[in-house]
Structure formats: structure tokens, C-alpha cells
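Notes follow once the structure below has been shown.
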Amino acid sequence: MSTMVAPVHAAGLGNRAHNLARLATEQFDVLVIGGGITGAGIALDAASRGIKVALVERNDFASGTSSRSSKLVHGGLRYVAEYQFRVTREASEERYQLQRLAPHLVRSVPFLLPVYGGFKETTKLSAGLWLYDILATLRNTHLHRRLSPTQVHDMVPSLTTEGLDGGFVYYDCRTDDARLTIEVLKTAAAFGAVVVNHAQVEDFMRSRDQIAGVGVRDHIRGTSIEVRAHTVVAATGVWIDTLRPKADRGALPVTRPAKGVHLVLPEQRIGNGDVAMTLQTSRDHRITFVIPWMGRTLVGTTDTEYEGRLDQPRATVDDVDYLMEAIVRAFPERHLSAADILTVQAGLRPLVNDPGASTTGISREDRVFEGESGLISIAGGKLTTYRRMARKVVDIVARRLGTAGVDGIGPCRTGSIAIGGTMDDPVPAIGTLGEETQAHLLHLYGGQASTIASLLGDHPNLAARLVPGLPHVASQVVYAARWEMGVTVSDVLIRRLRLANLDGGLALGCLHLVVPLLAQELGWSASEATAQMDNYREEVEQFAVPGRASIAASQGQESL
Ligand code: FAD
């Protein structure tokens, strides 16, 4: 594999109406169903090999599990404890590669692992961390190191020292899962992939018993189209079992969804902004993380069986209590309570079913299924390993296309394709953009930050901050609509700017700034703008803390 990283000018996702028209009129080599990280990765891998790709996403890109993860690109220390060495080795390699390919978005962060269990526990963790470094072929940014109790205390003074025997620091990476997905899609689009959100596959078209395309419902216009493709791939995460039987009657369920919940707290309540922590939960001694993220602290995750509706899973009071117990014990002097929580988020892991195992015990490995209808489906895996999963699927697609006489399909190239531009273009020095916003834009958009900043040239008012205390600016809203196919308020504020995840109340409070901008960009009438706000208010409630008043009620129903 080449070690060179080629920058790709990721211009954007294209115009949605134009892309839809192409879907309806052109024949594609492969159609990917699902715009989470797995589908995005497949689209990029295929398009960069010269395959003609279309991708459709039922809701918004990354609206499924790929915006609800712990946001770690990691080897998975927990898998070492479970002897899943292959998963850790592969994921560690991907952690290394993604830091090269998307250095602005996938960044190393130290994890403090305090030890309270005496010599035996220290020895066990030391051995585990050596193994973790060795499985990464010693290529992590730093090797782990041991800390004395005083060093642990100096690093995070608010952490309890009662029974503290010292600790370790090891390194993993942090990202923004939804932004990574969108950046991968933009890079795929730069290679010619045609992508459309809010476009749901409802049925399959066939030719001689083999799938030859799909019927797609456009949820924005309320119309339907047929898309013709040689091969169809389902990368639909936990929705795989609702789709597969439509292609292959009698296909048995393959996934077992497991719910994971995170709490979002203000950073100053428990964090040390630059250090993540690995703690044990009080109830069952599972690993849980405390992760600084976008000026907040993420605490999670839970891991429980899930049998409810797959759309917008919700956290329960018990999920919140479980995580609160862990941090209350770890930071006793902070007197934390549920009142400190800003938002919660729940997501579903698309685990490949392993009858008899608990959800925690199920391997995070992925599996590819090829149905008699020709449908290729992929389930399981991780955000971290999306590139490997994509390669596996596209190798099958390439083989099929080769058999069908399509020439010139090369091997996987994604190891040398930069994701979403690079950090090379500095944000133009514009006085109205403060340092904090410049850093925010660079870390999220890399080289494309300059496009966002350049919008201010004609419209200096786009430098306005959207909410107090966070670096997000109005030009990001315009960028999301023009370059990232943000076609609803939720697309923009939840998946692209992540404001609703950080503080649901603030994210409602900025509607009077955001909606007129989007109305102008997207040509909404007054009634459309109102309907958009109503939908958004409804969607934001998924971030409400269970047992507390709704976000809208606690803010007062803000209107334009
Ligand atoms: P999804 O992101 O769910 O995408 C599937 C998409 O298919 C959805 O957007 C859906 O709308 C779409 N779709 C479904 N049906 C249709 C249809 N008929 N037509 C069109 N589109 C359709 N991994 C890590 O590496 N690091 C972590 O820190 C981490 N933390 C996690 C924490 C939690 C709580 C959870 C739940 C998972 C975590 N994971 C993590 C795992 C990782 O998030 C997932 O493996 C990954 O996001 C799954 O991506 P996906 O694309 O397969 O599924």
C-alpha cells in the first residue's frame, strides 16, 4: 500500500435535485443503500477504483448509529481483555491509517486509566497495555506509561484519590463520527459517487431473479424513482434485517441491536479538557469512558439488549443512573447530579448475532452476506474499521463486475486518499473570526475551513456566533446547505454542526438565526420554514434527559 496521501479536492456532495435526476436516468455499477460510515466507506472505495457508484440514505447521512457512537477511533482496550486480539490488531492499524488520512478529524488523545485495585490489578493492566501497544505494532503516537498516584492527581485533580494506587496513560483517537461520515462521502463524491439523502429504498427491481435496481422514495418531494444498478449493497446497520427479507425471502435475522447511551456534561464539571479517562462502572465493573468532545464531556457508554423501535432509540432513567453512579463515585467532590447533564444520546450497535452470548460479549467483527438475489449486505464492525469493511465488500463487487465484462477496476486505493482535504490550507486571517472559531473550523473541516471563512468576504454577518459559549458560526450553516446537502434544520444542526448534541436548549435558541439563512439557501416559503422548525423541535427531544421536562418546555417554545 502506498504511504503517500493524495489530497482530494472535496468540493461537496453536489446538488440534491441534480443527483436525484441522475439516479433516475443513469445506470450504475453499484448502488449502496445506507449513508452511515459503512456505506460512505463503500462508496469511496468503489468510486476511487473507477466504479460508477450511487448511494441513497433513507434519512440524513449519519443519522443512524454513525452519529451516536463514543466518537473514538481506537484499537479497543476492552477487546484485549476479551481476548479479541484480531479485532484490536485490525482496529489499531486503522487508527494509525486514519490519523494519516484525516489528521484534522482523527486526533490522538491521552486516556488516563486510574488503578484502585492494588498490585494485582496494576500488573494485569500493565500487561494488557503492553499487549495493546504491541498489537498496534508499536505504531501508536505514544506508548503507554505508568503514573504514580501524585501524577494521576496532577493530571485530573477532581478524580478521587481514595484507594488510588497510581495509573497509566495510553493513547487512542477521538473524532466526530457524523462529520467523518460526511467527509468520507464528500471525498467519494469528488471521485464521482452520486449521493442523495432522505431517499429510502422501498423495494427491489429484478431481472431474471437477480436484483437489478431499487425503488426509492424521495422523502423531501414525496415522489418515487427507480434506480438501475448492476449490483446492490445494503450497508443499513441495524436496519439490515428489515431490508434483507425484501430481497431474499426467508432471509433470517443476522443482527442483534445493543443500545449504548452517552451523557453530555459541561467540560468544567468533571473534565480536564485535554485528557480522556477510562473508568469502571460501579454496578458491573464494565469499562466506561469520559471523553472531552467539542468543549463538552461525553460519558459512556451503556451496553444493553434492545428490542424497541430502531428509529431514534431513547435513553432511560436507568441508563442515566448507571452512568451517573460511575462518575459520582469517581468525582465525589464535584457533587454531580442529573441536573448537570446537558443532553443524552442513545445509539444501536449493529452487532452480528451470536446466540448465547451477552451483547457485551458479542464480537465486534463484521460479516458480509451474499443473498441468492445478488444482494450483498454487511453487518457488524466499527466506525474505526470502516475502510477494511469497505474493501471487503468492494472486492466482491469488483469481482462481479469483472465477470460481467467491466474492465479496468483497480485494487483498493483508500489507504492513500486524504479524507475531506487536508490541514494545509490555513483559515484566512479574518479579524471577525476569533481564534477559538478558527481552531474549531480547522479541526472539523480541515482544508475546507477556508471555504467557510471565504463566505465572510461578501457577508461579514456570517461570522456571527450561533450560540453563546460555543465557537459555531453562521457561515457553517450556509456551507452545510451549499456543500453538504443539509436540506433540513435537523440535517444542519444535528449531523453537521452537532449543536443539538452539545446543548439541546441552545440549539433551539439559535433557530431565529439559522432558519432565515436556510430559507434563503434552500428557497423555503414561510410555511415550509415553520414546518422545518416543528420537525426539528421534535427531533431535538431525543436528546432530552429522561425524567426531566422536554427541551422545548425548559426553553419556552421559541418562534421566529
Ligand atoms: P448506520 O450508521 O446505522 O448507517 C446505516 C444507515 O442505513 C442509516 O443511516 C439508515 O438510515 C440507513 N438505511 C436503513 N434502511 C434504509 C433504506 N431502506 N434505504 C436507505 N437507507 C437506509 N465504533 C467505533 O469504532 N468507535 C466507537 O467509539 C464506537 N462507539 C460506539 C458507541 C455506541 C453507543 C454505539 C451504538 C456504537 C459505537 N461504535 C463505535 C460502533 C459504530 O458506531 C458503528 O459500528 C457504526 O457507526 C455503524 O455504521 P453503519 O454505517 O453500519 O450503520
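The values are calculated or read from the model by the stated rules, or taken from the named source; none is laboratory data. Note that the coordinates shown come from a computational prediction; the quantities given were computed from them, not determined experimentally. Neighbour counts are summed over all protein chains in view; Cβ atoms, including those assigned to glycine, are modelled from backbone coordinates with ideal geometry. Each accessible area value is taken on the protein alone, full model and side chains, heavy atoms only, with ligands, DNA and RNA left out. Shrake-Rupley method; radii C 1.70, N 1.55, O 1.52, S 1.80 Å.
Computed values, structure above
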quantity	calculated
Total lysine pairs whose alpha carbons fall under 20 Å of each other in the chain (8 or more apart, or interchain)	7
Of all accessible heavy-atom area on region 407-534, the percent that carbon and sulfur account for (1.4 Å)	54
Ranking by accessible area, most exposed first, for Ile225, Ile551 with a 1.4 Å probe	Ile225, Ile551
Approximate spin-label separation Glu541-His335, in nm, with each point projected 7 Å along Cα-to-Cβ	3.4
Sites Arg208 and Arg367, calculated FRET efficiency, Cβ-Cβ separation with R0 25 Å, nearest 0.05	0.35
Of all DSSP beta bridges in the chain, antiparallel share, percent nearest 5	75
Principal axis dimensions, the chain - Cα atoms, whole angstrom, descending	68, 52, 45
Solvent-accessible area per residue, Å², over the chain with all protein chains present [probe radius 1.4 Å]	39
Area of Ser490 that stays accessible when all protein chains are in place (1.4 Å probe, Å², to 10)	10
Computed lengthening from Gln200 to Ser158, 0.36 nm per intervening residue step minus Cα-Cα distance	10.4 nm
Viscosity 1.306 mPa s, temperature 10 °C, Stokes-Einstein D of region 463-557 from Kirkwood C-alpha radius, µm²/s	120
Radius 14 Å from Cβ of Gln200, net charge of other residues (Lys, Arg +1; Asp, Glu -1)	-3
Proximal charge balance of Thr161 [Cβ under 15 Å; K/R count +1, D/E count -1]	-2
Within-13-Å neighbourhood charge of Asp45 [Cβ basis; K, R +1; D, E -1]	+4
Relative contact order for region 498-553, counting Cα pairs under 8 Å that sit 6 or more residues apart, in percent	40
For the chain, calculated [θ]222 nm from helices alone, where every DSSP H run of n ≥ 4 adds -39500 (n - 2.57)	-10500 deg cm²/dmol
Portion, in percent, of the accessible area of region 276-316 that falls on carbon or sulfur, probe 1.4 Å	50
